[in-house]
């Protein structure tokens, strides 16, 4: 881990920070990257992972990982540390968010045996911590909540791995949220993504900032032992004050863990442009400030993503 993506101890709170910009877990096209990226973001994306055990088992068991689907530059680092982020419920999303390169359209039916295949992969890889995420499935009555439940329980039956779920919002359905919490994952993660003013442009019209906060607060009400986590993408035009207000709102609902990273525009211009690239030093300052607000752990840096160093952040040893 280098200074650009480290966690933080509380130091002096900075008196001012410039306007802040976060993280799309996607790779820029070569032309866009060479034209726009500052030096601190010119990181070599690892080549194909066909010889890596994680990749081979994923292929054999017909599983998706966000790490590879989104071409995340951190994937080899995470694989080597015994962490992977599996994406369940297919790879087609029902929501057209302006920052995300995941395919949109009409998804296929969920695979009933996917939880068992995911558990087998967790066991064969010897994972100590597994992150389970999904596309948004507004086509399903419960948004896929029971599938999350089945995945967590299957991993528990077969392994001793700790589990983190990174969920969609389940279309404002508290009953669906309750189903996921019944599985008692060690960490419940739902990304705030951006500030309220930008929600309509950045996220789909169905997304609701207040519901995001309510979801995180409800998790604590249902099971106080579960660590809650959220993340922001910076670089979309938000102001310093707006970011600080979001951090205060997250602490108000007792959110434990926070990730802050740089938004990177996917390879085509149909996605939202980057308004500003935040230098590593500013990420470091913002991370210290967030930690001083009471978050248990904060990971803040240009390459930080929702599940980056997930086990380490949660201190699930």
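The values are calculated or read from the model by the stated rules, or taken from the named source; none is laboratory data. Source: prediction; values computed, not measured. Virtual Cβ from ideal backbone geometry, glycine too; neighbours counted across all protein chains shown.
Any chance you could count how many residues in the range 153-177 are within 23 Å of residue 59 (Cβ to Cβ), over 17 Å from the mean Cα position of the chain (by Cα) and surrounded by 19 or more Cβ atoms within 10 Å (Cβ to Cβ)? The total comes to 4.
Being within 18 Å of residue 122 (Cβ to Cβ) and in contact with a helix residue (DSSP H, G or I) (Cβ under 6 Å, 6 or more places away or on another chain) is the filter here, so list the residues in the range 158-179 that pass it. Within the range 158-179, 158, 159, 161, 163, 164, 165 meet the criteria. Name the one entry in 111, 91 that is in contact with a helix residue (DSSP H, G or I) (Cβ under 9 Å, 6 or more places away or on another chain), surrounded by fewer than 20 Cβ atoms within 10 Å (Cβ to Cβ) and at pLDDT 85 or above. Within the list 111, 91, the selection yields 111.
Residues considered: 204, 230. Of these, the only one that is within 19 Å of residue 163 (Cα to Cα) and under 18 Å from the mean Cα position of the chain (by Cα) is 230. The set of residues in the range 279-298 being in contact with a helix residue (DSSP H, G or I) (Cβ under 6 Å, 6 or more places away or on another chain), surrounded by fewer than 21 Cβ atoms within 10 Å (Cβ to Cβ) and farther than 14 Å from residue 246 by Cα consists of 280, 297.
Taking the range 183-252 as the region of interest, the helices (runs of 4 or more DSSP H) fully inside it that hold 1 or more residues being modelled with pLDDT of 95 or more and surrounded by fewer than 23 Cβ atoms within 10 Å (Cβ to Cβ) are 209-222, 240-252.
Cβ separations smaller than 7 Å between residues 6+ apart or across chains give the following pairs from the range 305-317 residues that are at negative phi and outside any helix (DSSP H, G or I) to residues that are modelled with pLDDT under 80 and buried (at least 24 other Cβ atoms within 10 Å of the Cβ): 305/23; 305/25; 305/72.
Taken as a whole, the condition of being modelled with pLDDT under 90, farther than 23 Å from residue 219 by Cβ and under 21 Å from the mean Cα position of the chain (by Cα) does not apply to residue 105. As for the range 142-152, it holds no residue that is closer than 25 Å to residue 300 by Cα and in contact with a strand residue (DSSP E or B) (Cβ under 7 Å, 6 or more places away or on another chain). At pLDDT 85 or above, closer than 14 Å to residue 57 by Cα and buried (at least 17 other Cβ atoms within 10 Å of the Cβ) - does that describe any residue in the range 127-134? So far as the range 127-134 goes, yes, one or more of its residues are at pLDDT 85 or above, closer than 14 Å to residue 57 by Cα and buried (at least 17 other Cβ atoms within 10 Å of the Cβ).
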